[in-house]
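Below is one structure; the comments refer to it alone.
The values are calculated or read from the model by the stated rules, or taken from the named source; none is laboratory data. Predicted model only: the values in this text are computed from it and were never measured. Glycine also receives a Cβ, built like all others from the backbone with ideal geometry; neighbour counts cover every protein chain displayed. Each accessible area value is taken on the protein alone, full model and side chains, heavy atoms only, with ligands, DNA and RNA left out. Shrake-Rupley method; radii C 1.70, N 1.55, O 1.52, S 1.80 Å.
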Amino acid sequence: DDAVKIGLILPMTGGQASTGKQIDNAIKLYMQQKGDTVAGKKIEIILKDDAAVPDNTKRLAQELIVNDKVNFIAGFGVTPAALAAAPLATQAKIPEVVMAAGTSIITERSPYIVRTSFTLAQSSTIIGDWAVKNGIKKVATLTSDYAPGNDALTFFKQHFTAGGGEIVEEVKVPLANPDFAPFLQRMKDSKPDAMFVFVPAGQGGNFMKQYAERGLDKSGIRVIGPGDVMDDDLLNNMGDAALGAVTAHLYSAAHPSAMNKDFVAAYKNAFGNRPGFMAVSGYDGIHLIYEALKKTNGATDGDKLIEAMKGMKWESPRGPISIDPETRDIVQNIYIRKVEKVDGELYNVEFATFEAVKDSGKTKK
Amino acid sequence: MTALFDVSTHAMASARWRASEVAFWALALACAFLFPSRYLIMTDIVRLGLFALSLDLILGYAGIVSLGHAAFFGIGAYSAGLLALHGIINEPVIALVAAGLVAALLGFLTSFLVIRGVDLTRLMVTLGIALLLEALAERFSNITGGTDGLQGIEMQPILGLFTFDMFGKTGFFYSLIVMFILFLLARRVVHSPFGLSLRAIRNNPLRAAAIGVPVNRRLIAVYTLAAFYAGIAGALFTQTTALASLDVFSFERSADLMLVLVIGGTGYLYGGLIGAVVFKMLQELFQSITPQYWLFWIGLVLVVIVLVGRARIHRWVLFVPNLIIRQFAGRKAAVAVPESDAS
Amino acid sequence: MPDLLSIQGLRAGYGEAVVLPDMSLALAEGQVLALLGRNGTGKTTLINSIVGIVRRLSGSVALAGRDITAMRPDQRARAGIGWVPQERNIFRSLTVEENMTAVAQPGPWTVERVYEMFPRLQERRRNFGNQLSGGEQQMLAIGRALTLNPKVLLLDEPTEGLAPIIVEELLKAIGPITRSGGICSIIVEQNAQKILGLADRVVILERGTIVHDAASSALKADPSVLERHLGVSGAKAH
Amino acid sequence: MASILTNLFDGVAYGMLLFVLACGLAVTLGLMNFVNLAHGAFAMAGGYICAVLVNNSGWPFFGGLPLAFVGSAVIGVALERTLYRHLYSRSHLDQVLFSIGLVFMSVAAVDYIMGSSRVFIKLPAALEGQIDLFGVGIGRYRLMIVVICGLLTLALQLILVKTRFGSRLRAAVDDPRAAIGLGINVPQVFAFTFAFGCGLAGLGGALSAEILGLDPYFPLKFMIYFLIVVTVGGSSSITGPFLASLLLGIADVAGKYYVPKLGPFVIYTVMIVILLWRPNGLFGRTAAR
Amino acid sequence: MTIALETRGLEKSFGALRVTRDLSLKVMQGARHALIGPNGAGKTTVINQLTGVLTPNSGRILLEGTDITGLSVHKRVLRGLSRTFQINQLYPDLTPLETIGLAVSERMGRGGDWWRRMGTRSDVNAEIAEILSRFHLLDVMTELTSTLPYGKQRLLEIAVAIAAKPRVLLLDEPAAGVPESERHDILAAVAALPRDVTVLLIEHDMDLVFSFADRISVLVNGGLLTEGAPDEVARDPQVRAVYLGEAADA
Ligand SMILES: Nc1ncnc2c1ncn2[C@@H]1O[C@H](COP(=O)(O)OP(=O)(O)OP(=O)(O)O)[C@@H](O)[C@H]1O
Ligand SMILES: Nc1ncnc2c1ncn2[C@@H]1O[C@H](COP(=O)(O)OP(=O)(O)OP(=O)(O)O)[C@@H](O)[C@H]1O
Ligand SMILES: CC(C)C[C@H](N)C(=O)O
Ligand SMILES: [Mg+2]
Ligand SMILES: [Mg+2]
């Protein structure tokens, strides 16, 4: 048969819905731009909503594999969901393309997992190093209390303290947290030079608004962290309080490349708002699938596809990226950015680049 | 002596198997063979049905509302997961019972908090207990795996004979059999004097106590039993999916459960099972039509169900089956119809 | 003098069942009417039809010459229908006093005047409705209807659960209340004996139809009517 | 010391916000005995109305707030007249099913119309930042919340306890048939009350966007909080939920500040303990329903 | 003669309101005892304390000589103290058959049986049949209680109390709401109880009280005003002043 089926499992409802929407949009955009046939095969996407609940993910993946006979499973908004599907990828020998979930361990759970998003180790280690070098001595941390948050915290701490920095306060906030006031007050009272923040993308806006309300912006406590808190999606609504926040991340909508300008314009045109890093991950994920199929000449054997993906390099809207042939995880530039006003809108403007960063969180063999 | 005869026949009438019930189970079994490609969703339905049956025991019979039934589901799920993960009990059936007992123990302990108070209080206390357990499971991530859940569970074959397969066939038949056995037990229980006393308590606790029913003791007993059932459902969940993550305790799980049971109707045991079928099928249908906005259509169906009236819908749905059954089994054998609701 | 309350060809019931097939009844100002009849003959249904909470199939109800058939029950109440329900229906989460003030209409009957009539209620004025004894609830139901300052007072078995001495006082009071207030009253009663002395007129219902309508003095003279329609002896019970 | 007071203030503000959000539910659930789990949907509606007016149509924030109230109240009364009123006499389980259905519909509809990203309402500069009062940091926005909510609470308490409307409402709830037969226009009382509750929710939704975040899942995310407030407060008055909101707000803020590791435990434990101690809530009447 | 039921210095207050005041009451074995008094005198409250629905502030309650003050409601029933309610307390969704069946099962201590189906014990069935026929409920035994006419419900209310085979039976206004023509059904059922069953009756219908009781206690303001044989009480001027009024001429 001539069709290649991709089972796309994303949180389209529930608290993580905006992640799912961005990825879904980006894939639609890509297929619109590049056509839906590759190597003579028609690409067919079957979108399923798992609401970020792992047992849904697992059942949907299993049904996609068994009934729909998909050739890829892709998507996965949160770590537990990606992990839940891992044994199925192994058993069925088909590629699992992770387009969002960000903890390090994921790619180790199956030889068929490839990731096009990022790991929190990538951005957190970089910002840790950067902080030490830029005269930040005392940091208070505020991270969401779940696996990615803990990853971010651990890796930041490792690099920051190794360089001589001091953690003066460490607060983990519950994932479903309505009000940041008491935590921010704690931050303020510990009088750090900067606060390291990781909250999942959607909560960044509220966080920053309350950060400003408490006058932390005026008291000279800077916000640093991985880029999730400054997701382009919401950045423009955060208000001037966000100005000056320094984060390390894989993507900024302000990335100064022609490709990115086109991507941002096309995305805005199609969906009415800016793409965030999730959209890019989805865009690259589908690109990876297309390229792998081209390489195998349309063959859908899972092992061949994975082989084809390993070591693949290409230019993404975020910059040059590649798939590490050993870990199947993404290798990408991490940029240090600062929030600035460009044409009256807030953007993460990149000012330093760390090239070809691998995930440092993999268990050392 | 005809009075005595009448009394004993009528007294036993409610417990007699109806033709429609036999048909129901025959249909369930037939599904197993008719849709071999849908074992997974059918397992999901069976498990949810068992879970809803558990809620029916306390809500439909004893009138205890709960928004935190996932507490027992979750404890069952994690118990089964930990037993398998650490190889403590490798045989799934024994592990299943063990997990159920752990949940029952929790049910017994928390029942003392729950039997106090009015409906709303019970709703919130049960909810609070489930949320606390969720928070605990998150906190003790070294045992539970935190947000990632238990990873790497591998199930041994059932009774050493039947391995869990990728298509979910073993899992489905295993779940169906467990559910049927537990259903038989529940059926026995609700038609016993004990079951009758529960309905009496639900109807009027004041009067129940005034004829000598030890109200609290009965409520504790049935709450513990229901916790056992929910624990088994949770353990089945872990065993058939090889997963256990924090959302087993979630509010959404308890709330969905309530919807399932209410759709199907309370107080006649089949409500949970029918509700599970209807709810899952609707969800599946709408999700495949619109993965983004299916919630809207589910919501619309719920609203319509209520506005039209559940009783009326039951009557419409059962109109044809009842017609057929009457042809074969005479006038009185219509499909059981739920009692009016608690509260 | 025009009739204060007049019911014409009223047909009413519940769902399919017609309880009152064709009822016509008129009361003049100052009149006290006793409504008798066995269990389930439709006394309460008649009262509740006047209140407006029973399904009307046809016929009309007029109050002081004004047709109130099309009015909602609450409009009827404000137009002058005062109701003591058979089941008392005290508002349980309102205090005794609030039970009255919530529905009160301006007029001679004030909460204070009710307290004079039932001192017991004054003692319990801050109790909630569900903390009253059975008899206190009955007193409150009567007091509540009075504070509506109705033109027509409908009392559905008002003596139920009251101590004999209170029953006696209540029944004694109803005549003067009716006559001095320029209103009319209908009292439903199980015990014909209690009521004969007080009512001007007695109506006996049987299966929703009036089978006897006469001045009470006539009934006193001929107790066999009671025997025939109510199955109780008109003679003293003991 | 200063931070204790700041925390106390934050807790009070958070509690007041919870109260305005939940007090409509306290009325529908507590007084009208109707389990309206869709309460949060009206709050969300108010939030989005205000956001659209302020962000897209350039209304001032203080002009958007009253319209959030009015808009939600209008939606509320429309739904009450067409749908809700058929359900007053139905079982609680029916009401749960129905109102959850409405929540689902509203979530998906808002997601469709407004998108799933969070929305913020542009604030006037006067509401940004903190005032320093003898070393105690007072957030201007939170101060506004305290003032608005405090006034509302007073007004509400007066209406319910001191006016005849309050007792008529309770009478209508206790026994609608008797109430209507005794001259209370029950449908009108219910519709008015319902609309008022929805309006308050809408106002709360608009006020809370800044602090709690506004997105299509708002009604589901905060349903539990509303229920906690109403249950802990007890259903017989407005003072109950008010004190419960304050207690929970302060306990939550203090808990998170002083024992951040126990974050979510505090609020649930407080709830369970209070309900065990007083099964009908702080101000529940023991004998009533 | 032995004392079936006794209170010693019973006290109960609702807030500031003393509803039962130092009440010491003795009901003899086999007596037909009536408790009368003005509205709000505290009669129902006394019954509620006797049965354990309310806990007295102080004082003792003795059933056949043993102290039952601290016992829970259902344990008192199992010891032979049963009651009817002023307002029917029935199970709307259960049938009379089930209602009586449960009462009989509980009395035999078999109410907790969870493995045995209803209707499988012939001794239970026989007793159910006997009670249902005694109260003319056989023809409606499979109908839901909520659909029964009021009179039948009232009979069922009394039947349930009697199904518990009480040695002491408390009746709170059993004839309330029942028309004169049907009262004798209820009276007859109560009169047909074995002589050794003690009955304590609360009733405002003086015809009924005087035709039934062999002893009357008068409760006023929570305390005992007087006690004696029916004709003594009927003649008592105090009783006439606070309760009976002029009409009483028994
Ligand atoms: N809500 C109802 N629905 C259906 N039928 C009813 C309803 N209320 C009363 N009925 C029926 O209507 C008839 C008349 O009842 P109604 O209550 O008017 O009688 P009544 O004379 O007041 O009796 P009672 O002396 O018992 O108060 C009875 O047959 C009764 O069963
Ligand atoms: N829960 C309560 N809180 C406060 N007061 C109460 C409560 N329950 C009853 N009362 C009061 O206690 C008094 C005694 O009530 P009780 O019901 O015992 O009277 P009763 O003698 O049975 O009267 P009746 O003959 O009218 O039924 C009444 O005045 C009543 O208002
Ligand atoms: C940073 C986030 C995109 C990470 C994702 N929520 C996860 O669970 O891995
Ligand atoms: Mg009547
Ligand atoms: Mg009484």
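Summary table below
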| read-out | value |
| --- | --- |
| Percent of alpha-carbon pairs separated by more than 25 Å within chain E | 44 |
| Whole-percent pair-distance distribution, where bins are 20 Å wide, for the alpha carbons of chain B | 29, 59, 12, 0 |
| Residue among E:Gly15, E:Gly37, E:Gly223 with the largest mean-square fluctuation in a Gaussian network model of chain E, springs linking Cα atoms under 10 Å | E:Gly15 |
| Solvent-accessible area buried by B and A, counting both chains, probe 1.4 angstrom, square angstrom | 2400 |
| 12 Å cut-off, amide nitrogen to a point 7 angstrom out along D:Asn55 Cα→Cβ, residues in region D:120-140 | D:120-123 |
| Tilt relative to chain B, helix B:39-56 - C-alpha long axis, 0 to 90 degrees, to 10 | 60 |
| Shielding of D:34-42 by partner chains, average beta-carbon count, 10 Å | 1 |
| Convex hull volume per residue for region C:103-238, taking Cα atoms only, in Å³ | 132 |
| Label-to-label distance, nm, for residues given as A:Asp36 and A:Asp240 (7 Å Cα→Cβ offset) | 4.8 |
| Peptide-level mean, for E:95-101, of C-beta atoms on other protein chains within 10 Å | 4 |
| Estimated translational D of region A:11-122 in µm²/s (Stokes, Kirkwood radius over Cα pairs; 25 °C; 0.890 mPa s) | 172 |
| Estimated vicinal HN-Hα couplings, Hz - region A:291-299 in sequence order (Karplus 6.51, -1.76, 1.60; Gly, Pro = x) | 5, 5, 5, 4, 5, 7, 6, x, 5 |
| Among D:Leu156, D:Leu276, D:Leu65, residue whose mean-square fluctuation peaks in a GNM of chain D (springs only between Cα atoms under 10 Å) | D:Leu276 |
| Per-residue mean of C-beta atoms belonging to partner chains within 10 Å, peptide A:53-61 | 6 |
| Share of carbon and sulfur in the accessible heavy-atom surface of region E:37-84 [1.4 Å probe, %] | 51 |
| Antiparallel bridge percentage (DSSP; both residues within region A:178-321; nearest 5) | 35 |
| Residue-span extension gain [E:Arg8 to E:Asp231] - 0.36 nm each, minus C-alpha spacing | 77.7 nm |
| Within the accessible area of chain B (1.4 Å probe), percent carbon and sulfur | 71 |
| Helical mean residue ellipticity (222 nm; -39500 (n - 2.57) per DSSP H run of 4+; nearest 500) of the protein assembly as shown | -16000 deg cm²/dmol |
| Bridge type composition, chain C - antiparallel percent by DSSP, nearest 5 | 60 |
| Base-10 log of normalised Debye intensity for region B:165-302 (one unit scatterer per alpha-carbon) at q = 0.19 Å⁻¹ | -1.29 |
| Buried accessible area, chains D and A (both chains, 1.4 Å probe, Å² to nearest 100) | 2600 |
| Diffusion coefficient, µm² s⁻¹, Stokes-Einstein with Kirkwood Rh over alpha-carbon pairs of region B:18-114 at 25 °C and 0.890 mPa s | 157 |
| Peptide ranges B:270-276, B:253-259 listed from the most packed, as the mean C-beta count within 10 angstrom indicates | B:270-276, B:253-259 |
| Kirkwood estimate for region E:111-233, i.e. one over the average of 1/r between Cα atoms, Å | 16.5 |
| Accessible area of region A:40-141 divided out per residue, in Å², using a probe of 1.4 angstrom | 24 |
| Burial of 40 Å² or greater, region A:267-281 residues [accessible area, probe 1.4 Å, versus chain by itself] | none |
| Out-of-range pairs (alpha-carbon distance over 27 Å; input A:Lys133/A:Lys218; A:Lys58/B:Lys280; B:Lys280/D:Lys221; A:Lys172/A:Lys261; A:Lys304/B:Lys169) | A:Lys172/A:Lys261; A:Lys304/B:Lys169 |
| Label-point separation in nm, C:Glu227 to C:Val18, each point 7 Å along Cα→Cβ | 3.5 |
| B:Leu109-D:Gln188 FRET efficiency (beta carbon distance; Förster radius 51 Å; 0.05 resolution) | 0.55 |
| At R0 = 60 Å, FRET efficiency that the Cβ-Cβ distance of D:Tyr258 and B:Lys169 yields, to 0.05 | 0.65 |
| Considering only chain E, percent of DSSP beta bridges that pair antiparallel, nearest 5 | 55 |
| Calculated P(r) of chain D - Cα pairs past 30 Å, % | 30 |
| Farthest toward positive dipole pole in region D:91-237 [+1 Lys/Arg, -1 Asp/Glu at C-beta], among D:Gly115, D:Leu160, D:Phe192 | D:Leu160 |
| Nitroxide proxy distance, nm - points 7 Å out along Cα→Cβ at A:Gln91 and D:Tyr112 | 3.7 |
| Within the accessible area of chain D (1.4 Å probe), percent carbon and sulfur | 73 |
| Interface residues in region B:288-323 - accessible area drops by 50 Å² or more relative to the isolated chain, probe 1.4 Å | B:Pro291, B:Gln292, B:Tyr293, B:Leu295, B:Phe296, B:Val303, B:Val306, B:Leu307 |
| Rounded FRET efficiency, nearest 0.05, which uses the C-beta distance separating A:Val349 from A:Lys218 and R0 of 30 Å | 0.85 |
| Of E:Ile131, E:Ile162, E:Ile87, the one that fluctuates the most in a GNM where chain E has Cα springs shorter than 10 Å | E:Ile87 |
| Translational diffusion coefficient (Stokes-Einstein; Kirkwood radius from C-alpha pairs) of the protein assembly as shown at 25 °C, 0.890 mPa s, in µm²/s | 69 |
| Alpha-carbon centroids, region C:17-59 and region A:11-84: separation in whole Å | 70 |
| Taking only Cα atoms of region B:127-236, radius of gyration then Dmax in Å | 19.4, 56 |
